[in-house]
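Visitor: Structure incoming, see below.
The values are calculated or read from the model by the stated rules, or taken from the named source; none is laboratory data. Just so it is clear, the model here is predicted, and its values are computed rather than measured. Backbone-built Cβ (ideal geometry, glycine too); neighbour counts: all protein chains shown.
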């Protein structure tokens with residue numbers, strides 16, 4: 001089969017369309033003819049050699065797919081040949097064919113495109129896990145979402161809005177109106193403004209109940225200062241570094257703070273299957289009635305994967321960057 005292959009770790013120029021062995025489904029897996037996949041920050045890190053796939057996962061990039069069932073493992077009973085599905089992978093999405101656990105595959109609703117479907121799994125499952133399982137976000141709490149214009153950011157805003165939260169986001173000025181359109185109340189330009197100071201002003205010095213962070217070290221102390229009593233900081237990535245020179249640990253005691261690290265790709269299949277089921281039980285109707293929606297920045301042919309990666313690295317996207325897998 002054809003697949004996007006990493007020739008050497010490093011720049012996006014090292015991605016080429018080449019030949020790879022076609023996977024075969026195990027007893028509990030489906031073989032999917034991939035019609036669309038999508039970019040994630042993990043793809044960039046893996047391409048750079050900084051984020052190896054979990055043990056046993058495909059070394060091909062791509063954490064989500066949408067397409068047609070063309071093969072069925074002997075223990076599978078939920079789907080049949082020809083069904084259209086989408087779902088989360090541990091790797092292997094940038095290819096003509098991919099295998100997925102049947103329990104991780106979700107049915108593509110009528111009137112949805114494969115591009116819309118593939119824009120959902122990674123960002124919404126990550127956001128749902130962070131808000132509902134890690135932070136245990138409650139109705140009408142205050143929340144700060146960093147990187148509000150990212151794929152996960154757009155999902156976090158929408159899921160928080162359903163709980164009538166007062167939503168603060170950090171994003172570049174050009175993305176503020178779109179963030180507000182999804183439900184954000186306060187937009188902070190991380191390039192020119194201090195989010196911690198603005199939050200203290202807007203909350204009468206009390207702070208927010210939850211912070212969802214992707215930066216790590218560079219935002220750590222300001223995140224702690226931004227939290228209210230019994231606040232929860234959920235860390236999803238470390239784009240701003242891994243070491244903090246000084247930490248005032250008194251904040252943890254005086255505010256009774258919790259810091260929660262959250263990952264998804266490295267979780268075992270059983271965990272991911274339970275998360276997928278819980279998410280779709282919560283969200284399926286909301287997607288169908290328009291309360292939730294995939295946010296797509298742009299759709300590219302997979303032959304343009306190099307340009308698509310560069311586009312993401314330049315932080316130009318608002319929402320998901322989708323790759324159309326052309327046969």
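Visitor: Looking at 14, 40, 8 in this structure, which one is within 21 Å of residue 306 (Cβ to Cβ), in the same structural domain as residue 68 (by TED's automatic domain parsing) and crowded, with 17+ Cβ neighbours inside 10 Å?
Guide: Just a single option satisfies the conditions, and that option is 40.
Visitor: Let me ask something else about it. Quick check on my filter: what residues within region 90-111 are assigned to a loop (DSSP other than H, G, I, E, B) and in contact with a strand residue (DSSP E or B) (Cβ under 6 Å, 6 or more places away or on another chain)?
Guide: Within region 90-111, 92, 93, 94, 96, 108 meet the criteria.
Visitor: What is the number of the single condition among (1) touching a residue at least 40 places away in the same chain (Cβ under 8 Å); (2) outside the structural domain of residue 170 (by TED's automatic domain parsing); (3) over 30 Å from residue 9 (Cα atoms) that residue 289 does not meet?
Guide: Unmet for residue 289, out of (1) touching a residue at least 40 places away in the same chain (Cβ under 8 Å); (2) outside the structural domain of residue 170 (by TED's automatic domain parsing); (3) over 30 Å from residue 9 (Cα atoms): (1).
Visitor: Next question. For residue 27, work out the one condition from (1) over 17 Å from residue 6 (Cα atoms); (2) loosely packed, with under 15 Cβ neighbours inside 10 Å; (3) within 24 Å of the chain's Cα centre (by Cα); (4) touching a residue at least 24 places away in the same chain (Cβ under 8 Å) it doesn't fulfil.
Guide: For residue 27, the failing item is (3).
Visitor: For residue 120, are the conditions met, namely being over 15 Å from residue 212 (Cα atoms), touching a residue at least 40 places away in the same chain (Cβ under 8 Å) and touching a helix residue (DSSP H, G or I) at 6+ places or on another chain (Cβ under 8 Å)?
Guide: For residue 120, the condition - over 15 Å from residue 212 (Cα atoms), touching a residue at least 40 places away in the same chain (Cβ under 8 Å) and touching a helix residue (DSSP H, G or I) at 6+ places or on another chain (Cβ under 8 Å) - is met.
Visitor: Report, by residue number, each residue of region 54-66 that is within 20 Å of residue 276 (Cβ to Cβ) and buried (at least 19 other Cβ atoms within 10 Å of the Cβ).
Guide: Matches in region 54-66: 58, 62, 63, 64, 65, 66.
Visitor: Of the conditions (1) touching a residue at least 40 places away in the same chain (Cβ under 8 Å); (2) touching a strand residue (DSSP E or B) at 6+ places or on another chain (Cβ under 7 Å), residue 40 clears all except one; give me its number.
Guide: Result: residue 40 fails condition (2) only.
Visitor: Taking residue 89, is it within 17 Å of the chain's Cα centre (by Cα) and without any contact (Cβ under 8 Å) to a residue 40 or more places away in the chain?
Guide: When the stated conditions are applied, residue 89 passes them.
Visitor: Between a first residue in region 233-251 that is outside the structural domain of residue 50 (by TED's automatic domain parsing) and farther than 25 Å from residue 124 by Cα and a second residue that is in a loop (DSSP other than H, G, I, E, B) and modelled with pLDDT of 95 or more, which pairs have beta carbons less than 8 Å apart while being 6 or more apart in sequence or on different chains?
Guide: 251/257
Visitor: Could you count how many residues in region 233-246 are surrounded by 17 or more Cβ atoms within 10 Å (Cβ to Cβ) and part of a loop (DSSP other than H, G, I, E, B)?
Guide: 2
Visitor: Within region 117-124, is even one residue out of contact with any strand residue (DSSP E or B) (no Cβ under 8 Å at 6 or more places or on another chain) and within 26 Å of residue 265 (Cα to Cα)?
Guide: Checking region 117-124: at least one residue is out of contact with any strand residue (DSSP E or B) (no Cβ under 8 Å at 6 or more places or on another chain) and within 26 Å of residue 265 (Cα to Cα).
Visitor: Further question on the same structure: What's the total number of residues in region 162-184 that are under 25 Å from residue 224 (Cβ atoms), surrounded by fewer than 20 Cβ atoms within 10 Å (Cβ to Cβ) and touching a helix residue (DSSP H, G or I) at 6+ places or on another chain (Cβ under 9 Å)?
Guide: Matching residues across region 162-184 total 2.
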